[in-house]
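The values are calculated or read from the model by the stated rules, or taken from the named source; none is laboratory data. These numbers come from a predicted model, not from an experiment. Please note: Cβ atoms are built from the backbone with ideal geometry, for glycine as well, and neighbour counts cover all protein chains shown.
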Amino acid sequence: MASFSRDNLQFLPQQGNVQAKVTHNHPRWTFSELLSIYAEFLVVCTHTILYERGLYPEDSFALARKYNFPVRQSRHPAVCEWVRNAISACVEHMRTGEVEKISMVIISPSNMPLERVVFDVSAFPKIPIRDQDRNLPNIELQRSDMEEQFRACVMKLATMSPALGRLPPDCTYTVTIELSDESAAPTGQDSQWIPAEKQPRRQSRISTDLVYSEANLKKPPENGSAPTLKPIRHIYMGPLSFDIWIEESKAKGKLVAN
């Protein structure tokens, strides 16, 4: 699990802005380019959540700028690498069209899921691998429009903490993906994902299929109680359409109250 010691943080010098991998500004895009842009957005969101929810000390983050908005980025190289690897693994599965949701789950010291920030990507088109480097037909998206929508999402995430309240000390986190019903979980020793027991969706939306792991990651146990949902934003941009919301488990209120 991405649990790095707060006592052994090695700070890096102030980092600059997160740089885009795709630099052109014309309105025609390949699916691969859109996935790269979305991966970059997920990385920015993950660092924002880490900062806003206090999962690492405030002074372990550098001030950067992305989407013409001030953002926080972890200074710790191991945290940055873990986030990049986790999001990269998510996007590779998105290429297959099997991913419905990507979530960042905040977990209590007793391994109980407390909050889940959900990115619902089920509306992304399913493009054959062989066609993902070709321009998408009849689709025009301006980079400025994409960045405006991404900025609105990051701004909302950056102001969510007062509504969510405080977390208990020493929480950690992980990244999960939920696959479509017809998809099979990756297997084999080289897989970066650990299958998790699937829960009935009508009982709780805190249910995941796969958990990203660097090593011996444990599956967060399911609480069984329906979570509290807080919508963040609905984005409609053709092939780059998605929803974001936050789920708070019932267990969180009990832990904080104690």
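Might you check whether a residue that is within 14 Å of M112 (Cα to Cα) and at pLDDT 55 or above occurs anywhere in segment 149-164? Even if it seems obvious, please write down each step before you answer.
Quick first cut of segment 149-164, residues within 14 Å of M112 (Cα to Cα) only: none.
Among the residues of segment 149-164, not one is within 14 Å of M112 (Cα to Cα) and at pLDDT 55 or above, which makes the answer no.
Restricting the search to segment 92-119, which residues are part of a helix (DSSP H, G or I) and either out of contact with any helix residue (DSSP H, G or I) (no Cβ under 7 Å at 6 or more places or on another chain) or modelled with pLDDT of 95 or more (or both)? Working first, answer last.
Restricting attention to segment 92-119, the residues satisfying the condition of being part of a helix (DSSP H, G or I) are 92-94.
Hits for segment 92-119 are E92, H93.
Is it the case that some residue within segment 121-129 is closer than 25 Å to E247 by Cβ, in contact with an Asp or Glu (Cβ under 7 Å, 6 or more places away or on another chain), surrounded by fewer than 21 Cβ atoms within 10 Å (Cβ to Cβ) and at pLDDT 90 or above?
yes
Go through segment 136-152 and give me each residue that's within 13 Å of W29 (Cβ to Cβ) and surrounded by 13 or more Cβ atoms within 10 Å (Cβ to Cβ).
Start the filter on segment 136-152 by keeping residues that are within 13 Å of W29 (Cβ to Cβ), which leaves 136-143, 145-146.
Result: L136, I139, L141, R143, D145, M146.
Suppose the filter is of a type in the set (S, T, Y), at pLDDT 55 or above and closer than 17 Å to V117 by Cα; does S207 pass it? Quick ask: steps written out before the conclusion?
Working: of a type in the set (S, T, Y): yes; at pLDDT 55 or above: no; closer than 17 Å to V117 by Cα: yes.
Spelling it out, it is not the case that S207 is of a type in the set (S, T, Y), at pLDDT 55 or above and closer than 17 Å to V117 by Cα.
Could you list, in sequence order, all residues of segment 83-95 that are surrounded by fewer than 20 Cβ atoms within 10 Å (Cβ to Cβ) and more than 11 Å from I177 (Cβ to Cβ)?
Across segment 83-95, the qualifying residues are R84, N85, S88, R95.
Going through segment 11-33 one residue at a time, which ones are aliphatic (A, V, I, L, M) and either at pLDDT 95 or above or closer than 16 Å to F69 by Cβ (or both)? Before you say what the answer is, go through the steps one by one.
Residues of segment 11-33 that are aliphatic (A, V, I, L, M), as a first pass: 12, 18, 20, 22.
V18, A20 - these are the residues of segment 11-33 that are aliphatic (A, V, I, L, M) and either at pLDDT 95 or above or closer than 16 Å to F69 by Cβ (or both).
Filter segment 237-253 down to the residues that are modelled with pLDDT under 90 and either crowded, with 17+ Cβ neighbours inside 10 Å or touching a Pro at 6+ places or on another chain (Cβ under 8 Å) (or both) and list them by number.
Those that are modelled with pLDDT under 90 and either crowded, with 17+ Cβ neighbours inside 10 Å or touching a Pro at 6+ places or on another chain (Cβ under 8 Å) (or both): S249, K250, A251, K252.
Do you know which residues across segment 47-72 are polar (S, T, N, Q) and closer than 29 Å to L179 by Cα? I'd like the intermediate steps shown before the answer.
Of the residues in segment 47-72, the ones polar (S, T, N, Q) are 48, 60, 68.
T48 - this is the single residue of segment 47-72 that is polar (S, T, N, Q) and closer than 29 Å to L179 by Cα.
Are there any pairs, at least 6 apart or on different chains, whose C-beta atoms fall under 9 Å, with the first in segment 111-126 and at positive phi and the second modelled with pLDDT under 95 and of a type outside the set (A, V, I, L, M), and if so, which?
As it stands, the answer is N111/T172; N111/K218; N111/K219; N111/P220; N111/P221, since those pairs meet every condition given.
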